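Every number here is computed from the coordinates shown, using simple stated rules; none is lab data. Predicted model, so just to flag it, every value in this text is computed and none were measured. Backbone-built Cβ (ideal geometry, glycine too); neighbour counts: all protein chains shown.
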Amino acid sequence: MSLKRRLIEDIQQAGPISVAAYMARALFDPTDGYYARGPTLGADFLTAPTTSQMFGEMIGLWCALEWEALGRPDPVRIVELGPGAGTLCADLWRASAALPAFRAALRLHLVEASAPLREMQRATLAATGADATWHETLAALEPAPTIVIGNEFLDCLPIRQFARVEGRWRERLIGADGETLRFGLSGESFAETLLPKFARSPPGDGPILCEIAPGLPDLVAELARAAAPGRALFIDYGGDGWGDTLQALSAHQKVDPLVAPGEADLTAHVDFGAVAAAAQDAGLDAYGPIPQGAFLRTLGLDQRAQALAAAHPQRAERIAREHARLTAPDQMGVLFQAICLTTRALPPPTGF
Ligand code: SAH
């Protein structure tokens, strides 16, 4: 039975479900979820690491600098959350060859929920000769010196949506109407004080909607436990928690998120204010967010692009296009942002 059919039956029996429950099923249902099926990464959406090898190289350099800031621990764990095709990790590993002491110390750990993606990552890394260890969650990692990377990871965290209509807050839910999944609102309304603080000062008087990732505080607390001492770098499309940012992408097109659960990637913009607040609560400091373009250029992206183009003149045009895609304000340069969470009492992270 299709995932959509199963969702409809569940809703008919137990009532409408939250957007978070829907996202979790559509992405991670063990047989039909988008990530569990072995998504057509690249065919549905392009990310920074799959755009250019320079992205993973710059992140690798950042890891080496933060390894210095941590006092050059040996070994040091590099943990990537949600590595997708494994491209970033492979580029990072290749780039680390230029820094032999860092390469000798680093141990790659990949945290990936999807079995087919773990296989894809294994193949990508095997081609570079890198060793790595895989985990389904952070829970298996003992506290140790660690640098964590998550590119387009936080945007997969399931979100709940709350709408204020005629002065009352209700949850946006997904119900079924025959064979069609539809958005609706909870019958019950609830007190504003049950929402996080930011929801008490909405940007206007009209109908409004806010988004909350309920899993975020636990994720950050897990990070604080495992990366001790450590730092985490997250890069994602930034939002502020306001507005409906639930988005489904299939074959590079935006599609209706309810039409074919499991067949499209589902994401929401990342509320970096909420990430920073979760960090404070977990005893970490947060730096940023800062624009991706500025961050990569501080790390030397311009020089790297020039050097690559000089070494491969036939690829110069493509390298210039990749550089623009990563940095230009009308491409990924400004809308994508970087935030760094860090153990306290360390020097500020590079680039922030
Ligand atoms: N970082 C990659 C892929 C981004 S897609 C890139 O930038 O190209 C999101 C990735 O996160 C996928 O690999 C997905 O399976 C994984 N993922 C999402 N939520 C997860 C979770 N809660 N636990 C583990 N992996 C998760």
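Under the condition of being within 15 Å of the chain's Cα centre (by Cα) and surrounded by 22 or more Cβ atoms within 10 Å (Cβ to Cβ), which residue from the range 275-300 is nearest to P329 (Cα to Cα)?
Step by step, filter the range 275-300, then rank; the result is Q292.
Regarding the range 14-35, can at least one residue be identified that is touching a Pro at 6+ places or on another chain (Cβ under 7 Å) and basic (K, R)?
yes
On the given criteria, is L27 hydrophobic (A, V, I, L, M, F, W, C), under 21 Å from A126 (Cβ atoms), within 13 Å of the ligand (Cβ to nearest atom) and crowded, with 19+ Cβ neighbours inside 10 Å?
No, not satisfied.
Which pairs do you get when a residue that is closer than 21 Å to C63 by Cβ, found in the range 300-326, comes within reach of a residue that is not in a helix (DSSP H, G or I), reach meaning Cβ atoms under 7 angstrom, with the pair 6+ apart or on two chains?
Correct list of pairs: E322/S52; L326/S52; L326/M332; L326/G333.
Is there a residue being surrounded by fewer than 16 Cβ atoms within 10 Å (Cβ to Cβ), within 16 Å of the ligand (Cβ to nearest atom), closer than 26 Å to T47 by Cβ and not hydrophobic (A, V, I, L, M, F, W, C) anywhere in the range 197-214?
Yes; the residues of the range 197-214 include at least one that is surrounded by fewer than 16 Cβ atoms within 10 Å (Cβ to Cβ), within 16 Å of the ligand (Cβ to nearest atom), closer than 26 Å to T47 by Cβ and not hydrophobic (A, V, I, L, M, F, W, C).
Regarding the range 50-57, can at least one residue be identified that is touching a strand residue (DSSP E or B) at 6+ places or on another chain (Cβ under 6 Å) and more than 28 Å from L7 (Cα to Cα)?
Checking the range 50-57: not a single residue is touching a strand residue (DSSP E or B) at 6+ places or on another chain (Cβ under 6 Å) and more than 28 Å from L7 (Cα to Cα).
Applying the selection to the range 296-352, what residues are closer than 28 Å to D281 by Cα and either in contact with a Cys (Cβ under 7 Å, 6 or more places away or on another chain) or among the hydroxyl-bearing types (S, T, Y) (or both)?
Scanning the range 296-352 gives T342, T343, P349, T350, F352.
Looking only at helices (runs of 4 or more DSSP H) that fall completely inside the range 250-319, which ones have 2 or more residues that are farther than 19 Å from A20 by Cβ and touching a strand residue (DSSP E or B) at 6+ places or on another chain (Cβ under 7 Å)?
Counting at least 2 such residues, we get 272-281, 292-298.
Is it true that I8 is in a helix (DSSP H, G or I) and in contact with a strand residue (DSSP E or B) (Cβ under 7 Å, 6 or more places away or on another chain)?
Values: in a helix (DSSP H, G or I): yes; in contact with a strand residue (DSSP E or B) (Cβ under 7 Å, 6 or more places away or on another chain): yes.
Considered against the rule, which asks whether it is in a helix (DSSP H, G or I) and in contact with a strand residue (DSSP E or B) (Cβ under 7 Å, 6 or more places away or on another chain), I8 comes out as yes.
Which residues, counting only those in the range 207-239, are closer than 22 Å to I78 by Cβ and assigned to a strand (DSSP E or B)?
A227, A228, P229, G230, R231, A232, L233, F234, I235, D236
Looking at A232, A163, which one is more than 30 Å from Q292 (Cβ to Cβ), within 25 Å of the chain's Cα centre (by Cα) and surrounded by 16 or more Cβ atoms within 10 Å (Cβ to Cβ)?
After applying the criteria, what remains is A163.
For the structure I just gave you, tell me whether I8 is surrounded by fewer than 21 Cβ atoms within 10 Å (Cβ to Cβ) and either away from the ligand (no atom under 13 Å from the Cβ) or within 22 Å of the chain's Cα centre (by Cα) (or both).
When the stated conditions are applied, I8 passes them.
With respect to the numbered conditions (1) touching a Gly at 6+ places or on another chain (Cβ under 9 Å); (2) surrounded by fewer than 19 Cβ atoms within 10 Å (Cβ to Cβ), which one is the sole condition not fulfilled by P73?
Among (1) touching a Gly at 6+ places or on another chain (Cβ under 9 Å); (2) surrounded by fewer than 19 Cβ atoms within 10 Å (Cβ to Cβ), P73 violates only (1).
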